[in-house]
Each structure stands twice: as C-alpha cells, then as structure tokens.
Amino acid sequence: MNEDFLKTPIEYLKGVGPKRAEVLRREFGIFTYNDLLYYFPFRHVDKSTVYKICDIQTEGNYMLFKGDITGYQILGEQRTKRLAAQFTDGTGTIELVWFNGIKWIEDVLKQRHSNVTIFGKPTLFNNRWNISHPEIIDPSAKNETNIPDHFFPLYNTSDKAKKSGLDSKGVAKLTASLLIQHKYSIFPEYLPKELIENHHLLSLKEALFNIHFPENQEKLSAATLRLKFDELFYTQLKLLKLKILTERKYRGHIFSHIGSSFNYFYHNRLKFELTGAQKRVIKEIYADLGSGRQMNRLLQGDVGSGKTITALLVMLIANDNGFQSCLMAPTEILATQHYENIRKMLGDMPVGVALLTGSTKTTERREIHEGIQNGTIRILIGTHALIENDVVFLNLGLAVIDEQHRFGVEQRAKLWKKNSPPPHILVMTATPIPRTLAMTVYGDLDVSVIDELPKGRKPIITMHLFERDRLHLFGLMKQQIDLGRQVFVVYPLIKESETLDLLDLQAGFEAMSHAFPLPHYAVGMVHGQMKPEEKDYEMNRFSKGETNILVSTTVIEVGIDIPNATMMVIENAERFGLSQLHQLRGRVGRGGEQSYCILMSGDKLSTEGRQRLHAMVSTNDGFEIANFDLKLRGPGDLQGTRQSGILDFKIADIVKDEKLVAYTRNLAKAILDADPNLTKPENQIIATRLQELMKREKFWGMIS
Ligand code: ADP
Ligand code: MG
C-alpha cells in the first residue's frame, strides 16, 4: 500500500497543471490524488443497452439508439440557427438538433447517415421527442483510455470548471488517467483481508475502479456497497472509540444509594403510577450512575411520554447522594413551567429549588449564585443562563438538558466543565430520531427510550380543514370550551418580517375575540416580542383556566404542559415542518380527555405540503412521523445535527442504508469489545486507518 502517493497534490497529475489545479481545489475541494478518486460520479449512463424509439417514455434519461438519419435541414437565422436531422430505427422517428458546430456536424452527416449509433437525452418538444446535441458514436474509434466506457460516469461540475474544460467528461478523463496510470501500484486497503472475505466485499482497489468505470451493473453495485461499508464502518468505529476514550478519561461521581428524598417523593408525593417504560429507564440510569464512570445518556420519548418526572426522580437520587443538579430548557416559558411544576410536585419537601433565566433580577440573581455556591440550592432550573461562567456550583453531580435538539454540542460541552470531575449528563429529546440515526448523530451517547405513554391517554384526533370550513372550526372550538376545556390557536412565524407576522397574529386574535366574545369567553395572546412578565402573566391566566383560548406564535411549541387544553388549532399548517407540527400537537392530549388537533390550510397546497398534512392526520406516532420526515427532506435538515458534520457522507445515505448502519455499528462494537485498543495483529489495518481519520477531524476534539 502506498498512501503517500495518494497525497500527491493534484497539479502533478497528467493533464492538470497549476491553473486547472486551482479550479479543482476551489470548485470541487479536490487537493490530492486521493480527493479525485473519492470524487464519485452521481450516476452512470448506460451505453450498453440499445433502446427502441418506441420505448421512450419519460424525459431525463440518457439512451442509446441505432438507426438511420433520413434527412436534415439547416433552419433559422443567427441565434436561432440550427441543424435538425430526422432519425429512425424502424419503430419511430425522433429529431436530432444541433445549435453549435453546425458546419462540423453537416460534414459528419454527409459521410455517415446509415447505421449510426446516437446517444443522448430525449426531451419532449411540441409534443414530439427530440434530442439536442446527441453524441454520434463512431464504432471504429479507439477507446483511448482502455477503460470500459459502456457505463459512463457523470460528475457534478460547475460553470467555472466547465470553462477550464472540466465538464463531466473532463473530470472523467482525469480520473481515468489516474486509475490507468497507476492501476496496479497505488491502492491502499483499509479493511482486513478476513473481513473483506467474510462479507464478500470488493477490494478497495476494485471498488474505486468500478465506482468510476464499472464493467457492468453488478460491479457498480458491489463497488457502491464496499465504499458505503467503509464510510459507515469507520464512522461507527470513530464514535465508539470516542466513547471509550471519554469513559476512560472521566471518572464519574458514584451515586451509590437511593435515599430519603427519592423515597419520600415516590411514596408520598407522586400522584400517579409510573409507566413500565419510565421505571425501566430510571433503572438504566441508576445503574449507570453507580458504575463509577461518567454517564452520557440520551433519553428519547415522544411528546407527553413523561420525561420531566423521570428527570426529577433522577435529580432526587443525586440529592440523596449529596450532589446538586441542574435542568436546562431552551426557552424561558418552558424553564419557568418546569420550575413551577417541580415546586408543586415537591410540595413541602425540604429540597432547595431555584429558577435562573436571562430575566432574573440582579438581586435575586446574586442570592441564587450564593445558594448554588454554598449548596442550599439543590436543583437549579433555567435557560442557558445557567451555563454562564459566573454560575459556580458547590458540587454539580447531574446536568439534565431538556429538548436537546434545541441546543448545540457546545452547550453540552460547557456543562461538562461546570464541575470536576464532570457531572453526569442526561439529555432529553422529543424529536424522535429513528434508531439508526440516533446511533450516528448521538453515537457517543447511550440511549434510553420511553416507548410507552401514560395510561388512559386517548389518541389525539387530527383533522385537516380548509379556510372555507372556518365556521365548522368555530363550532368545534365552542364544543370544547362549553365542556370546560381550553384551546390553543397557533400562527406560524414567517420570519421575513416580524411586524407582518405580528399583524397576522393580531388579526387572528381579533377574529377569535370576535367569534368568542366577552363576557362569555376570554381569549389571551402570547408572542415572542412580549416582555417576560407579560408572557408569564398570559401563560398563567391560561394555565389557571382564566382564558379559554390562547392565541400564540410557536413560543409554546416545546414542553408546555396544560392538561386541560384539549384542542390545538394550527393556522397555515402547511407552513410548518412535520416535526414542528408533531411537537405542537403534543401540547394537547395530556389529560384523560379526548383531544383534537386541527390543521387549517389554504386551498392551494404544494404536493409536499399535502403529504405532510396527510401524514399528520394518519398517525400519532412520533417515530413514524420522523421517519416520514427524513424520507421527505433527508437527514441534512434534522434540527441540531447539521453542525455536527457527522452526516456529511460521500456515498452512504443514513436513511436508505439504515440496515448497513446498524450492521456496521454492531460489527464495530464487536471488534472494539474484543480489542478496545486495537492492538491485535489482525486489527492493525483498522487501527492505522482509524488513527488517520480521527486526526483529520476537528469535531472530535471538541467533545472529548
Ligand atoms: P414530555 O415527555 O413531553 O416532556 P411531560 O413530562 O411534560 O412529557 O409529561 C406529560 C404529562 O404527563 C404531565 O402532565 C405529567 O405530569 C404526566 N405524566 C407523566 N408520567 C405520567 C404517568 N406515569 N402517569 C400519568 N401521567 C403522567
Ligand atoms: Mg418535556
């Protein structure tokens, strides 16, 4: 193997030179031979199959035809000047059109018109099929590269690159020259022989060759599989290795027992029976906390599955072992609500709880800082205000992050630094991520799942109504209110103009106030631009039942828990993403009553908008919704994951290759379990490659 060779700067490749090298670097990020080899084509054109004209069905596919040119004309003037030729293979006729190089083409056609092979992309024009600028394949021409070219690679390129001759074909030529020039000497192998054999994989050399210039479809598939395997296998190895490293580096506080505050709460204060899933998760966490290593755990659970109470019980265990804990929430409204709920749930228990947010007054803030430092405050709840530098704990043993997807990796890292050794970390999220994605995005965390809703919950009934059904909507709302229940009405934030958004909201508020007039009904309103006191005031009125309807922006999206609210109306629902719709719906259905979610939309809907609303109507299951969302939008859009860079795969697709993700995860785990330091001779290749990869990536340094 000769890796150094692959690090050769790209300008040294035959046919490149300094000027093109600059273009390759700037336009494609190709700096070395290796980068070029890993610049994969996005698809291949099949020149091995001869199609019939009568078989053309859709636009957009490259196809090869054999037949005769029966005539041609030169039409138009100046800019519209073109050569049009008629081509038939006996099953139909298509027109071939050239706008450039007309003279040259005319010469070609004079020499060759019967029994020609043409290749191009049929498009429909004036209801007739035609191909512009088809390639006329000369059967006598030599294949200059000696590379099989009946599956021709297509590469992404740019206008700038094309000016330097680096269109798709130009890139293919360079790749071919690299592969041919060094066919037998340059290729490294990154997987142990045994592993390759056991899995019937292609060698890396064969895979790289065939990913660009496959001999046939099977070879192309095998090459794709091999390269995906590499990518996913090493991603999982990195993640697991990182986990091992942090476990070794950081010893954890040992929470050795469950004491009086947990027990008192559990037996005297808890108003309901925990679900089986909640109990199981608490056990999983407790086992972690006693193990002597620092816990880094993700707690997943659909909206309403009861994560808060689970976190509270764990915080009480921390307290019983002499440690403080904190709970960080993404918004002030949510932090305040957590604080109030937890205070209420603890009741008369002598456990110091405080709330710290951006709007905590200076004097109060000073008192809180003191209480945290001297240990009278046992549980600190707040927004990201609680990770600021001047917040110093006496002994922080546990940090809980609610709605993790709203925070970045940096915030998690900051919490680590709040204590030495670092606190145990429990991150909670209701954005359900499919298992394979969780394995990868949060691959350095252990995962617990609350996969059961509290008993007696009735599935929320979701409906999609149009603007013309508004009176029907009012009727449904009235029904709920007359039963003593409450209704949320949410408007989207469009962000283009905050004032316009506010006007929308204001208009909505007025329409609702008009339809539900005083003194019979009361309508409240909250939005992001209100002062915190005003927001609190309105939220409190609603939560006490003093208002029947709360008109709001998405400030109420996450976490808000008002069991008496049984209807969620979402205006302009087509403007929301799926996960956001699901979060909003999760604000109702929290008590024992039948709840409803009503999606209002205009009459005109995009296909995707329609699909999204349909998905919401057809299922309440957050995991199903997340899967659907991934298929619709791809993983790149997943909240909170983009910055991790971890989904930047060249060839693998974390959604479509779900099985391979799981497979490589297990394989990587088995290898590391048996040989954590990768010192066994058979793992030598893996160790070297892994080291190389981990050196390259800054991201990993940030967490560990
Ligand atoms: P989420 O997981 O969305 O954060 P919450 O923790 O806000 O959910 O819980 C939703 C509601 O369910 C709260 O009112 C909570 O008190 C209640 N709850 C939690 N666990 C149970 C349970 N085991 N039985 C009944 N109600 C529960
Ligand atoms: Mg919650």
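What whole-number value in Å² describes the accessible area per residue of the chain for a 1.4 Å probe?
Working: 33420 Å² over 704 residues.
For the chain, the solvent-accessible area averages 47 Å² per residue.
Roughly how much of His520 is accessible, in Å² to the nearest 10, using a 1.4 Å probe?
150
Looking at the chain, send over the antiparallel percent of its DSSP beta bridges, to the nearest 5.
If I count the DSSP bridges inside the chain, around 35 percent turn out antiparallel.
Where a ≥ b ≥ c are the square roots of the eigenvalues of the C-alpha gyration tensor, would you call the stretch 15-100 rounded, which needs a/c under 1.5, or, failing that, prolate if a/b is larger than b/c, or oblate?
Oblate is the answer for the stretch 15-100, as a/c is 1.5 or above yet b/c matches or exceeds a/b.
Express in Å², to the nearest 10, the accessible area of Leu465 obtained by rolling a 1.4 Å probe over the protein heavy atoms while all chains stay in place.
For Leu465, solvent-accessible area is about 20 Å².
So what is the relative contact order for the chain, in percent, with contacts set as C-alpha pairs under 8 Å and at least six apart?
On the way: 1163 pairs, mean separation 86.3, N = 704.
Across the chain, relative contact order equals 12 percent.
With label points built 7 Å along Cα→Cβ from the Cα atoms of Arg25 and Val655, find their separation and express it in nm.
My value for the distance between the label points is 3.6 nm.
Considering only protein heavy atoms and a 1.4 Å probe, what is the carbon-and-sulfur percentage of the accessible area of the stretch 235-304?
54
In whole Å and largest first, what semi-axes does the C-alpha gyration tensor of the stretch 260-450 yield when each eigenvalue is scaled by 5 and square-rooted? Write down the numbers at each step before the final one.
Working: eigenvalues 111, 79, 52 Å².
Its equivalent ellipsoid spans semi-axes of 24, 20, 16 Å.
Rounded if a/c is under 1.5, else prolate if a/b is larger than b/c, else oblate: which is the stretch 461-619, with a ≥ b ≥ c the root eigenvalues of its Cα gyration tensor?
On the way: a/c = 1.41, a/b = 1.19, b/c = 1.19.
Since a/c stays below 1.5, the shape of the stretch 461-619 is classed as rounded.
Of all the accessible heavy-atom surface of the stretch 32-181, with the other protein chains kept in place and a 1.4 Å probe, what percent is carbon and sulfur?
Working: 4000 of 8500 Å².
Here carbon and sulfur together make up 47 percent of the probe-accessible area.
To the nearest 20 debye, what charge dipole does the chain have about its Cα centre, counting +1 at the Cβ of each Lys and Arg and -1 at the Cβ of each Asp and Glu?
The dipole magnitude comes to about 900 debye.
Which shape class applies to the stretch 302-371: rounded if a/c is under 1.5, otherwise prolate when a/b exceeds b/c and oblate if not, where a ≥ b ≥ c are the square roots of the Cα gyration tensor eigenvalues?
Numbers: a/c = 1.92, a/b = 1.19, b/c = 1.61.
The shape class here is oblate.
Just to be sure I follow the definition: excluding the sites themselves, where is the longest run in the chain that has none of the trypsin sites (Lys or Arg not before Pro) in a DSSP loop with at most 11 other Cβ atoms within 10 Å?
143-270
Would you mind pulling out the separation of the Cα centroids of the stretch 681-695 and the stretch 20-34, in Å?
Taking the Cα centre of the stretch 20-34 as reference, the centre of the stretch 681-695 is 26 Å away.
Please grab the % of Cα pairs in the chain that end up more than 39 Å from each other.
Result for the distance tail: 51 percent.
Considering only Gly622, Leu240, Ile556, whose Cα is most displaced toward the positive end of the charge dipole of the chain, charges sitting on Cβ of Lys, Arg (+1) and Asp, Glu (-1)?
Leu240
In deg cm²/dmol, rounded to 500, what helix-only [θ] at 222 nm does the chain give when every DSSP H run of at least 4 residues adds -39500 (n - 2.57) and the total is split over its residues?
-12000 deg cm²/dmol
How would Asp68, Asp648 line up by accessible area, probe 1.4 Å, largest first? Walk me through the numbers before you get to the answer.
Working: Asp68 65, Asp648 120 Å².
Descending order: Asp648, Asp68.
May I ask for the angle, rounded to the nearest 10°, between helix 168-181 and the longest principal axis of the chain, with both axes built from Cα atoms and the value confined to 0 to 90°?
80
Express in Å², to the nearest 10, the accessible area of Asp167 obtained by rolling a 1.4 Å probe over the protein heavy atoms while all chains stay in place.
The accessible area comes out at roughly 60 Å².
Under 14 Å from the Cβ of Asn620, count the other residues' Cβ atoms, weight Lys and Arg +1, Asp and Glu -1, and hand me the total.
Working: positive: Arg457, Lys458, Arg585, Arg587, Arg590; negative: Asp302, Asp451, Glu452, Asp621, Glu624.
In short, 0.
Count the net charge of all other residues whose Cβ sits under 12 Å from the Cβ of Lys279, scoring Lys and Arg as +1 and Asp and Glu as -1.
-1
The values are calculated or read from the model by the stated rules, or taken from the named source; none is laboratory data. This is a predicted model, so every value here is computed, not measured. Every residue, glycine among them, receives a Cβ derived from its backbone with ideal geometry; neighbour counts consider all protein chains shown. These area figures cover heavy atoms from the full protein model, side chains too; ligands, DNA and RNA do not enter into them. Shrake-Rupley method; radii C 1.70, N 1.55, O 1.52, S 1.80 Å.
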